[in-house]
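To start, the structure under review is shown below, and the notes come after it.
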Amino acid sequence: MTNRKILVTGSSRGIGRAIAEAFAAAGDRVAVHHRDNAALAARVAAGLPGEGHVVVQADIADADAVLGMVDAAAAQLGGLDVLVNNAASYGRPAQPVTEVGYEQWQQVWRDTIGLNLIGAANVTWCAVRHMIAGGGGRIVNVSSRGAFRGEPGQPAYGASKAGLNALGQSLAVALAPHNITVAAVAPGFVQTDMAAPHLDGESGAAIRAQSPFGRVARPEEIAAAVLFLASPEAAWASGAILDLNGASYLRT
């Protein structure tokens, strides 16, 4: 039983929910964050193992809301030991550069960068203050293999995740003197409700075939890696980006 205080953004479903469940099962208390589905977030929090879990709300793209949300999580939990930056948008429908209008192109970039990168940076800034006050902490960013292989249909998404990686590595150096580590996981496709239209549709077989294992990741597999990177034993992994794509994309 570790009894740490955890904030997982975007944790009312999918990968974020699995991460929240993994921390709770380890004995931690979790702030379940959502943007606009309080009922779902409340059900997730109520179903977590253990006690003392809370629900917090904010649009991560809203800097003022982020400040209030992080402070509320820290106040209700009694501090903040771990932040998982999971909330993100893929930017659907696809936005290939040759097929989208200029105004729509600009809007998609503003929205995607504003949430996936600037939003995560703002959550991090707010959380760091509480971690320093508590003597240290762990930050784990949920990136993507798209940061490395490219996302031709969603270039803003790929760019936002590449930026998140650069942010994390910069902060791994800046925050080490404060006993705060920063690392990342970079999944490929994961079996979630958001991915279901692709995995259950005509492209599903081709997506699964990208991995020599012939499948995509389970949310629990991503959560297990996050749990490790947030553990005391993983301090020396600060600055690392862990590929979790079943050998579907190998980088050097």
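Where a number appears in this text, it was derived from the coordinates with a stated rule and is not lab data. All values reported here derive from a predicted model rather than from experimental measurement. As a convention, Cβ positions derive from the backbone with ideal geometry for all residues, glycine included, and neighbour counts pool all protein chains shown.
Here is how the number arises for the chain: DSSP H runs of 4 or more residues each give -39500 (n - 2.57), the sum is divided by the residue count, and the result at 222 nm is -13000 deg cm²/dmol.
Membrane-span-like helices in the chain, defined purely by DSSP H runs whose alpha carbon atoms cover 18 Å or more axially and whose average Kyte-Doolittle hydropathy reaches 0.0, are 63-77, 120-133, 155-175. Here's the picture: charge each Lys and Arg Cβ at +1 and each Asp and Glu Cβ at -1 in the chain, and of Leu199, Ser231, Trp125 the one pushed furthest to the positive end of that dipole is Ser231. Give the calculated FRET efficiency between Ala75 and Arg110 to the nearest 0.05, with a Förster radius of 41 Å applied to their Cβ-Cβ distance. The pair Ala75/Arg110 has a calculated efficiency of 0.85. With R₀ fixed at 35 Å, the C-beta to C-beta distance from Asn37 to Leu250 puts the FRET efficiency at about 0.45. Remark: spin-label model distance Ala94-Ala206 equals 0.8 nm, labels positioned 7 Å along the Cα→Cβ axis.
How much net charge surrounds Gly78 when only the other residues with a Cβ under 9 Å from the Cβ of Gly78 are counted, with Lys and Arg +1 and Asp and Glu -1? Summing Lys/Arg as +1 and Asp/Glu as -1 gives +2. If R0 is 41 Å, the Cβ-Cβ spacing of Ala46 and Glu103 corresponds to a FRET efficiency of close to 0.45. Divided by 2.2 N^0.38 Å, where N counts the residues, the Cα radius of gyration of the chain comes to 0.97. What shape does the stretch 165-225 have by the C-alpha gyration tensor, where a ≥ b ≥ c are the square roots of the eigenvalues, rounded means a/c under 1.5, and otherwise prolate means a/b greater than b/c and oblate the rest? The shape class here is prolate. Electrostatic bookkeeping for Asp243 treats Lys and Arg as +1 and Asp and Glu as -1; over the other residues with beta carbon under 13 Å from its beta carbon, the sum is +3. Other residues lying with their Cβ under 13 Å from the Cβ of Leu67 contribute a combined charge of -3, Lys and Arg counting +1, Asp and Glu -1. Under 10 Å, Cα contacts only: if you run a Gaussian network model on the chain, which one of Ala61, Ala42, Ala133 comes out with the highest mean-square fluctuation? So, out of Ala61, Ala42, Ala133, the one fluctuating most is Ala133. Note on Asp193 and His178: the model spin-label points, each 7 Å out from Cα along the C-beta direction, lie 3.5 nm apart.
Once you sort the root eigenvalues of the Cα gyration tensor of the stretch 103-234 as a ≥ b ≥ c, which label holds: rounded (a/c under 1.5), prolate (a/b larger than b/c) or oblate (the other case)? Oblate. For Phe213 and Ala133, compute 0.36 nm times the residue count separating them, minus their Cα-Cα distance, and round to one decimal in nm. Full extension of this stretch gives 24.4 nm more. Ordering of 145-155, 226-236, 12-22 by packing is 12-22, 145-155, 226-236, highest average first (other Cβ atoms within 10 Å, averaged per residue).
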